[in-house]
1. Specify which of the listed residues (N108, N73) is touching a residue at least 24 places away in the same chain (Cβ under 8 Å) and not hydrophobic (A, V, I, L, M, F, W, C).
2. Which pairs do you get when a residue that is over 13 Å from K257 (Cα atoms), found in the range 301-326, comes within reach of a residue that is surrounded by 10 or more Cβ atoms within 10 Å (Cβ to Cβ), reach meaning Cβ atoms under 6 angstrom, with the pair 6+ apart or on two chains?
3. Residues in the range 158-165: is at least one at pLDDT below 90, within 25 Å of L7 (Cβ to Cβ) and of a type outside the set (D, E)?
4. State the number of residues belonging to the range 193-230 that are of a type outside the set (S, T, N, Q), more than 17 Å from Q19 (Cβ to Cβ) and modelled with pLDDT under 95.
5. Give me the pairs: first residue in the range 17-39 and more than 18 Å from T103 (Cα to Cα) and part of a helix (DSSP H, G or I), second residue of a type in the set (D, E) and at pLDDT 95 or above, beta-carbon distance under 9 Å, and six or more apart or on different chains, which are they?
6. In the range 246-287, what count of residues is obtained for those that are over 21 Å from F142 (Cα atoms) and not in a helix (DSSP H, G or I)?
7. Counting just the residues of the range 5-31 that are under 18 Å from A79 (Cα atoms) and in contact with a Leu (Cβ under 9 Å, 6 or more places away or on another chain), which one comes out surrounded by the fewest Cβ atoms within 10 Å (Cβ to Cβ)?
8. On the basis of being of a type in the set (D, E, K, R) and closer than 23 Å to L211 by Cα, does E112 make the cut?
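The values are calculated or read from the model by the stated rules, or taken from the named source; none is laboratory data. Keep in mind it's a predicted model, so treat the numbers as computed, not measured. Cβ: placed from backbone, ideal geometry, glycine included. Neighbour counts: every protein chain shown.
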Amino acid sequence: MKISVALCTYNGEKFLHKQIDSILAQPLKVDEIIVCDDCSTDSTLTILEEYEKNNPGIFQIYQNKTNLKTSKNFEKAIALCTGDYIFLSDQDDIWRNDKVEKTLAVFNQNQEADGVFSDGVLINNEGEVIYKDNSLWDSFFFYESKMNKPIDLFEFLISNGNFLTGATLCIRKEVKKFCFPFITSNEFLHDEWFALILSKRKTLYYTTDKLLLYRLHDSQQLGIANIVNIAEYVRKFTKKQNIILKLKKPTSFKDYKFLTNRYFAQYERFKSLKSKNPNTSIINVLIDTTTELYTTYDLEMKIKHPIRYFFRKRKNEKKGRMQIKD
């Protein structure tokens, strides 16, 4: 068994040491670390070259000639990995000491698994734990402990949006055969692409262990750093998310309005995605599923709240809004 790490870097000098040290410190050792640097202008390459020198045979460093951006850079790094298992890694997090061991244990317990992801602890610039009552999953409303089991991750993705952070993901090498190339969209990144493909195949698994210290800082390229207060953010939307999670049935007109707005927004997003990737068939599944969900709740709203439904529908038709088109 060979273990690879696909590490993408871009001006990561501030936090790169701690991340690489945490990877190298795993008791279950990784065999190779493939680094694709996306045209860094700081000392990132110097740091990487020092690690390569001190750890012969483990590091392979590739410097992009042009800036590929995050998703395509990860596609390149993953493609270059030769291991049976490939861990995705950002440049600014810290792996828990047993991340590799715990992740591979899930694969061993679920032979059909193509990918495994985990929860994480939120830390700040100094590496201090923040939002102690909220984890990485909470920021995506992935309330695993509350949800009915087994969780239909594909349905959750459609209803809720992406729940998978690429930095927590490990995939089998076979995934490269059906996940490449990544679709191109600034609003649909590699982690959501993996979540979509693997959840649709029902081969995406997870561990509830928090195997990653996920760093929130102003300069990170991706993630949830733009959420000022995670705890307040979660509290504000929990009531609505209970409907999405099917922990509460919609009853009020407001509930149905929330659901139909949500599914219509997803429908429009997937239609836009298809216009940029017309030959990607799975996007049709997303469009069909969101259309079905929107239609279902729109009909329920009509039956349970006919007067308010009538005026809402008429207003939307006059303004050309909320129109499902083939």
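1. Values: N108 fails: touching a residue at least 24 places away in the same chain (Cβ under 8 Å).
Only one candidate passes the filter, namely N73.
2. Listed pairs, sorted by first residue: I324/T291.
3. No, because not a single residue in the range 158-165 is at pLDDT below 90, within 25 Å of L7 (Cβ to Cβ) and of a type outside the set (D, E).
4. Within the range 193-230, the subset of a type outside the set (S, T, N, Q) is 193-198, 200-202, 204-206, 209-218, 222-225, 227-228, 230.
Then drop every residue that is not more than 17 Å from Q19 (Cβ to Cβ), which leaves 193-198, 200-202, 204-206, 209, 218, 224, 227-228, 230.
Now restrict to residues that are modelled with pLDDT under 95: 218, 224, 227-228, 230.
Total satisfying the criteria: 5.
5. That search, which allows pairs on different chains as well, returns K18/D92; K18/D93.
6. 7
7. Within the range 5-31, the subset under 18 Å from A79 (Cα atoms) is 5-9, 30-31.
If we keep only those that are in contact with a Leu (Cβ under 9 Å, 6 or more places away or on another chain) as well, we get 5-9, 30.
Working: V5: 27, A6: 27, L7: 25, C8: 30, T9: 28, V30: 19.
Among those residues, the one meeting the criterion is V30.
8. Values: of a type in the set (D, E, K, R): yes; closer than 23 Å to L211 by Cα: yes.
Yes; evaluated as a whole, the condition is true for this residue.
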